[in-house]
Amino acid sequence: MNTTILRKTALGIAGLAFTGGILAGPATHAHATTATTGVTTAVQADKPAKDKLIPHGVQGDQSRIDLDDEQTANVKAIIAATKKTGLDERAAVVSIATALQESKLENLGHLGDRNDHDSQGLFQQRPSSGWGTVEQITDPEYATTAFLKSLRQVDGWQDMPLTKAAQTVQVSAYPDHYAQWEQQAADLVADHWNS
């Protein structure tokens, strides 16, 4: 009778260990393959770590706007261009915060009397300042790539507060205004980086 109880206990423990291994194993990998079928299934990757997105913490009061489909598409375009240039999530946060300040993530054309010189696009880049043609700077991928190319030339941008890195590229009359968008930009990168 004792051997029957011992055998059932040992089988029960082995079953729990096996089940625990199945449940815990593949979920920690970006892709998992099942042993019996050979089928690969994608598992949602974790969101980027907050300390990677906002390494210095946010500065000052934060602003937030609701985004429509066009603005969300522009967020995704900025992220795609960032990945294409080989830069990381922090570069995407700086880019999105900059575009939030400059255009509220709207790909703006010439605004007539309300235009700041010849500034256009997501980043309000100016053809007269060498950012590219109107057609180029109103293309989200081109505009983001141009912004990131300039950001890369800023020595130590990764270790700077967001507003200083953005201002060094943009040379805005309102250099501290980029900081207010850091939290929303980080949230958008967290939500869309792996999508």
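The values are calculated or read from the model by the stated rules, or taken from the named source; none is laboratory data. Note that the structure is predicted; figures quoted are calculated from it, not measured. Note: ideal-geometry Cβ built from the backbone for every residue, glycine included; neighbour counts use all protein chains shown. Just the protein is used for accessible areas: all its heavy atoms, side chains included, with ligands, DNA and RNA removed. Shrake-Rupley method; radii C 1.70, N 1.55, O 1.52, S 1.80 Å.
Per-structure values
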read-out: Exposure of ASP155 as accessible area (Å², to 10), given a probe of 1.4 Å and all protein chains; value: 140
read-out: The stretch 110-195 - percent of accessible surface contributed by carbon and sulfur, probe 1.4 Å; value: 46
read-out: Extended-chain gain in nm, criterion 0.36 nm per residue less alpha-carbon gap, THR85 and VAL134; value: 15.5 nm
read-out: Three principal axis lengths of the stretch 79-162 [C-alpha, angstrom, descending]; value: 38, 22, 21
read-out: Probe 1.4 Å - accessible area at LEU87, Å² to nearest ten; value: 30
read-out: Approximate spin-label separation GLN158-ASP191, in nm, with each point projected 7 Å along Cα-to-Cβ; value: 2.8
read-out: Residues with amide H under 5 Å from that of LEU108, placed H, sequence gap 5 or more; value: GLY121, LEU122
